[in-house]
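Asks: Next up is a structure, given as structure tokens.
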Amino acid sequence: MEKIKPNTITPSVLQAVPMLIAFPHQRFWVDYDNEADVLYINFQRPQKATDSQMTDEGILLRYRGKQLVGMTILDASTRH
């Protein structure tokens, strides 16, 4: 794993803080697949989704029953 200097990541993290605090779930896990350019956001571990729905925006919503347990965001680096 490449070592990142703290002063290069701090501004990005600080910009994200208000959005993370306002996120609708108190606990979540985020993984990014650089090769596939896919961002995974999970609201439960293990997720164990039983159903999914693709939105028009290219976001896969994953459900267990009626409960949203995760999201998969395709082409994540192109979203601003």
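Values in this text are rule-based calculations from the coordinates and carry no lab data. Bear in mind that the values here come from a model prediction, so they are computed numbers and not experimental data. FYI the Cβ positions are ideal-geometry reconstructions off the backbone, even for glycines, and counts take in every protein chain you see.
Asks: In sequence order, what are the phi-derived ³J(HN,Hα) couplings for the range 56-68 according to the Karplus relation 6.51 cos²θ - 1.76 cosθ + 1.60 with θ = phi - 60°, rounded to whole Hz, with x for glycine and proline?
Replies: Whole-Hz 3J(HN,Hα) from phi for the range 56-68: 5, 8, x, 10, 8, 8, 10, 10, 10, x, 9, 8, 6.
Asks: Let me ask you something else. Starting from the range 32-73, pick out the trypsin sites (Lys or Arg not before Pro) whose DSSP state is loop and whose Cβ has at most 13 other Cβ atoms within 10 Å.
Replies: Working: sites: K48, R62, R64, K66; in loops: K48, K66.
Listed in order of number, the matching sites are K48, K66.
Asks: Here's another thing I want to ask about it. Using only Cα positions of the chain, each an equal point scatterer, no hydration layer, compute I(q)/I(0) via Debye at q = 0.14, 0.18 Å⁻¹ and quote the log10 values to two decimals.
Replies: -0.57, -0.91
Asks: Can you give the angle from 0 to 90° between the axis of helix 6-22 and the longest principal axis of the chain, with both taken from C-alpha atoms, to the nearest 10?
Replies: Once rounded, one gets 40 degrees.
Asks: Calculate the dipole size of the chain relative to its Cα centre from +1 charges on Lys and Arg beta carbons and -1 charges on Asp and Glu beta carbons; express the result in debye to the nearest 20.
Replies: In debye, rounded to 20, the chain gives about 500.
Asks: Just want the answer: with Cβ charges of +1 for Lys and Arg and -1 for Asp and Glu, which residue in G58, S12, P24 is farthest toward the dipole's positive end in the chain?
Replies: Of the options given, the answer is P24.
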